[in-house]
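Working notes, structure below.
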Amino acid sequence: LYKGKSVAEQNSFDISWDLLMEPAYKNLRRTIYCTASEFKRFRQLVVNSVMATDIVDKDLKKLRNDRWNAAFHGSGASSSSTSEHKDDTVLKATIVIEHLIQASDVAHTMQHWHIYRRWNENFFRECYQAYLDGRAETNPADSWYKGEIGFFDFYIIPLAKKLKECGVFGVSSDEYLSYAEQNRKEWEQ
């Protein structure tokens, strides 16, 4: 199914897309897009956004990082034509949306310690129950502590830094990065 790549994400997209295409949502679709090109752009944006939640696939992560670098560190700032400038803007907007989706997926890690702990505990219980029920191969207790340190170091803190860099949250970006760094330190103790 889905060639074994991003199975949960692709399934989520298919279910939601099929729902959106039902006759009952005709007016909503007309509001979202009117032309074939708008439809194509909207669909691609939704696909990219949903696929952005797959943080396990290393190829997708590299692709996203490469696109981030092209959008924010490439030569796009010196675009000579209006068309190139528009392409740069669309690329940046798409990348920022993907990162907002990622941040919303792990927002608890960039909030106060008590919020982080509550959601982390809930997720641990869910994973542990899956292990007890035979739906997961490994006991999460064996690697949870170390896994969270790596999660902060290699995903959460870099994500918070990117959100700060693009400026999408304004001064609140400092707060999200600060909470992520504080939670990582607190977790380590």
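What the table shows:
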| quantity | calculated |
| --- | --- |
| Residue in segment 130-189 that is least open to solvent (accessible area, probe 1.4 Å), counting only those that are over 15 Å from Y116 (Cα atoms) and of a type in the set (D, E) | D153 |
| Unmet criterion (only one of (1) modelled with pLDDT under 90; (2) open to solvent by less than 50 Å² (accessible area, probe 1.4 Å)) for W68 | (1) |
| Residue tally, condition open to solvent by 70 Å² or more (accessible area, probe 1.4 Å) and assigned to a helix (DSSP H, G or I), over segment 91-116 | 4 |
| Residue in segment 73-86 that is among the basic types (K, R) and touching a residue at least 40 places away in the same chain (Cβ under 8 Å) present | no |
| Boolean, W119 is open to solvent by less than 70 Å² (accessible area, probe 1.4 Å), closer than 23 Å to L177 by Cα and hydrophobic (A, V, I, L, M, F, W, C) | no |
| Qualifying position, being surrounded by 15 or more Cβ atoms within 10 Å (Cβ to Cβ) and among the hydroxyl-bearing types (S, T, Y), among S12, S6 | S6 |
| Members of segment 143-168 found to be part of a loop (DSSP other than H, G, I, E, B) and closer than 22 Å to E98 by Cα, listed by number | G167, V168 |
| Condition check for D88: open to solvent by less than 50 Å² (accessible area, probe 1.4 Å), of a type in the set (D, E) and in a loop (DSSP other than H, G, I, E, B) | no |
| Flag if R30 is exposed (fewer than 12 other Cβ atoms within 10 Å of the Cβ) and of a type outside the set (S, T, N, Q) | yes |
| Contacts under 6 angstrom Cβ, first residue in segment 41-55 being among the acidic types (D, E), partner in a loop (DSSP other than H, G, I, E, B), 6 or more apart | D54/S6 |
| Pairs, first over 18 Å from S49 (Cα atoms) and aromatic (F, W, Y) in segment 10-29, second open to solvent by 80 Å² or more (accessible area, probe 1.4 Å) and in a helix (DSSP H, G or I), C-beta under 8 Å, six or more apart | Y25/L19 |
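So that you can scan it fast, the table gives a plain yes or no per residue for (1) modelled with pLDDT of 95 or more; (2) touching a Cys at 6+ places or on another chain (Cβ under 7 Å); (3) within 30 Å of F152 (Cβ to Cβ):
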{"residue": "A24", "(1), (2), (3)": "yes, no, no"}
{"residue": "K58", "(1), (2), (3)": "no, no, yes"}
{"residue": "S79", "(1), (2), (3)": "no, no, no"}
{"residue": "E84", "(1), (2), (3)": "no, no, no"}
{"residue": "V96", "(1), (2), (3)": "no, yes, yes"}
{"residue": "L100", "(1), (2), (3)": "no, no, yes"}
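The values are calculated or read from the model by the stated rules, or taken from the named source; none is laboratory data. Computed from a predicted model, the values in this text were never measured in an experiment. Backbone-built Cβ (ideal geometry, glycine too); neighbour counts: all protein chains shown. To get the accessible areas, we keep the full protein, side chains included, count just its heavy atoms, and leave off ligands, DNA and RNA. Shrake-Rupley method; radii C 1.70, N 1.55, O 1.52, S 1.80 Å.
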